1. Could you please tell me which pairs satisfy a Cβ distance under 7 Å, a separation of 6+ or placement on different chains, a first residue in segment 203-214 that is in contact (Cβ under 8 Å) with a residue 12 or more places away in the chain, and a second residue that is among the basic types (K, R) and surrounded by fewer than 17 Cβ atoms within 10 Å (Cβ to Cβ)?
2. Any idea which residue in segment 5-33 is surrounded by the most Cβ atoms within 10 Å (Cβ to Cβ), counting only those that are of a type in the set (G, A, S) and modelled with pLDDT under 90?
3. Just name the residue that is nearest to G129 (Cα to Cα) out of those in segment 153-177 that are free of Cβ contacts under 8 Å to residues at least 60 places away in the same chain and in a helix (DSSP H, G or I).
4. Applying the selection to segment 259-314, what residues are at pLDDT below 90, in contact with a helix residue (DSSP H, G or I) (Cβ under 9 Å, 6 or more places away or on another chain) and β-branched (V, I, T)?
5. Would you be able to say whether some residue in segment 117-138 is in a helix (DSSP H, G or I), modelled with pLDDT under 85 and touching a Ser or Thr at 6+ places or on another chain (Cβ under 6 Å)?
6. Hey, W124 hits all of (1) within 30 Å of A208 (Cβ to Cβ); (2) surrounded by fewer than 17 Cβ atoms within 10 Å (Cβ to Cβ); (3) free of Cβ contacts under 8 Å to residues at least 60 places away in the same chain but one; which does it fall short on?
7. Kindly list, by first and then second residue, each pair from a residue in segment 238-256 that is in contact (Cβ under 8 Å) with a residue 12 or more places away in the chain and farther than 22 Å from K285 by Cβ to a residue that is among the polar types (S, T, N, Q) and assigned to a helix (DSSP H, G or I), limited to pairs with Cβ atoms under 7 Å and residues at least 6 apart or on different chains.
8. For residues in segment 205-246 being among the basic types (K, R) and within 21 Å of the chain's Cα centre (by Cα), which is farthest from V294 (Cα to Cα)?
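The values are calculated or read from the model by the stated rules, or taken from the named source; none is laboratory data. Computed from a prediction, not measured in an experiment: that's the story for all the values here. We place every Cβ from the backbone using ideal geometry, glycine too, and count neighbours over all the protein chains shown.
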Amino acid sequence: MGWKGIWTVVKNSRWYSADMTVFSCLACFLYALGEKGCVVNGIIAFIGILFAHMAANLYDDYSDYGVISQNPRASEFAPDVKCAYLRKNESSLKDLLFVIFLYCIIALAAGVVLFFRAGVPVIWLALAGGVIVLSYPVFSRVGLSEAAVGIAFGPLLFEGMYYVMTKSFSAGVLLLGMSIVMFTTGVMYIHTILDYEGDKVSSKRTLALKFKDKDTALKFSRFIYGAGYVFLLLFAILEKKYFCLSAFLSLPFVAALYKSAGAYSSPENYMRDDSYLAVLKGAAKVMALFAFLVSAGLFFHLFIDYFLTVPVVI
C-alpha cells in the first residue's frame, strides 16, 4: 500500500457521478429551508451522503474486480476502463480497501454528529444507507441495481436529509425525492442499455436484460423518465410549488437522449468509445438539468416567501 496507489483510487472514485448527490441534496436542502430547516445539519448530511456515495462506487469496483480477475473471458466483455487502475496495477486491493474505509469513516463521523444533533432516527437512517452501500454489488448481480439506487437516492436520501434539518418526515419531500430519483435511475438504466451486448455475453443480470431485446428495453426508459415528471407534477400541486414545473423544459433533452441511446451500437470488441461516453454523459447532464430546474423553482419560492414575510417600511 502506498500514497501513489491511494491517490489513484481517490481519483478513480468517479467523482463525476457526484452530480446525482449534489443536485439531489440541493433540492432537498432548499425544500427543507422553506420549512425552517437547520442549515448546519443539512451541510453535515450532505458531506456524509457524498462520501457514502463514493464508498459505494469503490466497493462496486472491488466486487467487479473480483469477478473480472477470475473470469478467463473477461477481455470479451469488460471494457478497458472497467477497474483499469486495478487491472494495470496502478493501485492494489489494499489501497482500494483503505480508501473505502476512509470514506466510510467520514460518512460515519457525519452520522455520529447528526445523531447528537437530531436524535435516534439518524441511527436507523444510517443503518439503512450502510446496508444499501454494502449490498449494492449483490443488487447489481440480480438485476436490481436501479432499485438500490432508487431507494438510496430517493426516499432514504430525501427523507433522511429532511429529517435531520426539520426533525420530521414529509409526504411532500417523498414526492420530490421520487421525481428526481427517477432521473437518477434513468442514468443507471441508460448505462445498462449501452452495455446490453456486453452484459449479455457475460451473463450479467440487469433490468434491461429482462426484456426480450434491446429496443424493448429502451422503450421502458420512457416509463422511468415519465414517472419523474408525474411525481414532480404531484409534488407541485400538493405543495403549491408551481415554479418547479419549469423542470418540464428538460423534455426535449430527454427526447434527444432517447434518440441517441437508440442510435448507439456497441462495437464488436465492446470498447467504450467516444459515442458511448457521449450518451452516458448526456444521461448524467439530463439528470443534472432536471434537478437544477427543480432546485431553481424551489429557490424562487424561498425568495418570494421571504419578501412576503419581511415587513415593508414606508
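1. Every condition considered, the pairs that remain are R205/R141; L209/K200.
2. Restricting attention to segment 5-33, the residues satisfying the condition of being of a type in the set (G, A, S) are 5, 13, 17-18, 24, 27, 32.
Checking the rest, the ones that are also modelled with pLDDT under 90 come to 5, 13, 17-18, 24.
Working: G5: 21, S13: 20, S17: 17, A18: 16, S24: 29.
If we take residues in segment 5-33 being of a type in the set (G, A, S) and modelled with pLDDT under 90, then S24 is surrounded by the most Cβ atoms within 10 Å (Cβ to Cβ).
3. L156
4. Hits for segment 259-314 are V279, I304.
5. Our first condition is that a residue be in a helix (DSSP H, G or I); within segment 117-138, this holds for 117-118, 121-138.
Filter once more, so that each one left must be modelled with pLDDT under 85: 125-138.
Among the residues that remain, those that are also touching a Ser or Thr at 6+ places or on another chain (Cβ under 6 Å) are: 137.
Yes.
6. So the condition that W124 fails would be (1).
7. none
8. Of segment 205-246, the ones among the basic types (K, R) are 205, 210, 212, 214, 219, 222, 240-241.
This time we only want the ones that are within 21 Å of the chain's Cα centre (by Cα), so: 205, 222.
Numbers: R205: 33, R222: 20 Å.
That would be R205.
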